[in-house]
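So the structure is just underneath, and the comments pick up after that.
Each reported figure results from applying straightforward, stated rules to the coordinates on display, with no laboratory input. Owing to the predicted nature of the structure, the values given are computational and were not obtained by experimental measurement. Cβ: placed from backbone, ideal geometry, glycine included. Neighbour counts: every protein chain shown.
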Amino acid sequence: MTRPDRRDSRTLRESSTAVHAGNLPDPTTGAIKTPLTLANSYEFPYDPTSIDWSVNDQLLYTRVSGTNQLGLQAKLAALEGAEAAAAFASGVAATHAVFFTYLNAGDHVVCSEVVYEATFNLLTDLLPRKYGISATFVDATDPAAVEAAMRPETRLVFAETVANPTTLVADLPMLAGIAHAHDALLVVDSTFTPPPVLRPIEHGADLVVHSITKYINGHGDGLGGAVLGRASLIDPIKQQAMVDAGGVIAPFNAWLIQRGAATLPLRMRQVNESARRIAEFLDADPRVAWVRYPGLASHPQHELAARLMPRGCSGMIAFAPHGDTAALNAFVSRLRLITSATSLGHDESLIAHFAKSGPRQDRYGRPFTDHGTLRLSVGIEDVEDLLADLDAALG
């Protein structure tokens with residue numbers, strides 16, 4: 001048996017890694033947790049002309065790197081099984097950092113047809129309008145559709161697993177095979193499925209994006225994003241999008257999220273089990289029109305989800321009770337424990353009503369009904385209390 005050493009996360013199991021990776025006791029005070037360092041500058045060495053400003057893991061200036069950012073990046077890389085991580089001010093900033101670094105004018109992206117709204121807007125408006133970058137949206141579970149969309153100028157294949165908000169599960173090994181055959185990178189937004197639920201690198205992804213605001217932080221009080229992967233891919237992202245474009249995470253947010261990540265494996269075990277029970281309850285209830293949760297046998301990609309996520313399918317459930325838009329709003333208003341709010345992955349359960357409106361949702365918003373969908377983010381409350389709240393609101 002390998003003796004564990006908290007200074008080397010490679011010797012630690014999952015929960016121990018979450019607690020100890022990236023944490024350095026403070027040599028000045030002896031504090032056993034890395035303290036919050038609200039500094040924007042660090043003292044130069046005796047000969048500052050020797051500084052290599054292209055190195056982004058030295059303490060010089062917080063836009064380059066800071067104490068809390070370095071600790072967070074080390075923890076995230078250890079949890080994800082990645083060589084390196086880059087932490088940004090938000091999840092959207094992290095996604096933009098990948099596009100900013102690896103796409104040039106005239107390049108092309110193949111993207112899953114179900115993605116977060118900001119990603120969709122980047123690929124359909126901002127990047128095409130400003131830089132002539134184009135994107136083709138496809139069913140990320142259909143190899144023929146993905147292959148047909150590839151072009152000589154395709155540089156990235158982008159997908160979410162599980163997708164927001166419809167819970168579509170992208171076939172990561174298939175996407176990796178097609179992307180790499182065309183010398184393109186596979187980039188996966190795994191915000192809905194943080195480690196230990198899923199580690200996309202194990203399934204062929206080159207880069208993994210997270211809104212660490214969500215599950216990794218887990219407490220609804222810190223904003224951040226991250227990109228993870230091989231050091232050779234992360235280093236250009238740090239230099240171009242972090243140092244030169246200035247999208248670095250703030251020290252306080254880095255400190256908050258590193259603190260929250262320590263309990264990630266514990267929280268996800270609770271979330272996985274609670275979400276499964278809630279999805280089964282909704283699926284069996286005649287008052288509910290439809291449910292999408294990858295852990296249910298009724299989910300269109302259930303078998304794929306079981307292969308990718310054998311330990312549980314995280315805590316995002318899409319569903320709708322019978323009735324029109326007013327009925328969905330009335331149902332949400334009757335909830336007393338579950339909070340109606342945006343975001344996800346908090347300690348408390350959150351629900352959001354997404355109405356069907358506009359051509360984007362008509363084309364890419366499946367399985368939206370005519371009256372929209374409810375996206376439930378299952379928290380860490382007692383599952384019996386959550387079930388009772390849903391049951392009463394349905395009644």
**Asked** When a footprinting reagent is the concern and you count Cβ atoms within 10 Å, what order do Met316, Met150 take, fewest first?
**Response** Met150, Met316
**Request:** Between the alpha-carbon centers of region 6-72 and region 189-212, tell me the distance in whole angstrom.
**Result:** 24
**Message:** If I take R0 = 25 Å and measure r between the Cβ atoms of Ala341 and Leu387 in this structure, what FRET efficiency does the formula 1/(1 + (r/R0)^6) give, to the nearest 0.05?
**Reply:** 0.80
**Fill in**
hull vol. (C-alpha, convex hull) per residue for region 20-74, Å³ -> 90
**Phi-based couplings in Hz for region 202-210 (Karplus 6.51, -1.76, 1.60; Gly and Pro marked x)** = 5, 10, x, 5, 8, 10, 10, 10, 10
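Counting Lys +1, Arg +1, Asp -1, Glu -1, what net charge surrounds Arg276 among other residues with beta carbon under 13 Å of its beta carbon?
0
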**Complete:** Ratio for region 36-123, C-alpha Rg to 2.2 N^0.38 Å, reads 1.39
**Prompt:** With a ≥ b ≥ c the root eigenvalues of the C-alpha gyration tensor of region 264-394, is it rounded (a/c under 1.5), prolate (a/b larger than b/c) or oblate?
**Reply:** oblate
**Prompt:** Ranked from highest to lowest mean number of other Cβ atoms within 10 Å per residue, what is the order of the peptides 334-344, 24-34, 104-114?
**Reply:** 104-114, 334-344, 24-34
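Hydropathy first: keep DSSP H helices in the chain averaging at least -1.0 on Kyte-Doolittle, then drop any whose Cα extent along the axis falls short of 24 Å, and list what survives.
Values: long enough: 264-284 (30 Å, -0.37).
What comes out of the filter, once short or polar helices are dropped, is 264-284.
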**Item:** Residue-averaged [θ]222 nm for the chain, counting only DSSP H segments that reach four residues, each worth -39500 (n - 2.57)
**Value:** -10000 deg cm²/dmol
**Request:** Report, in cubic angstrom per residue, the convex hull volume of the C-alpha atoms of region 154-286.
**Result:** 132
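What percent does the relative contact order of region 264-394 come to when contacts are Cα pairs within less than 8 Å and at least six residues apart?
27
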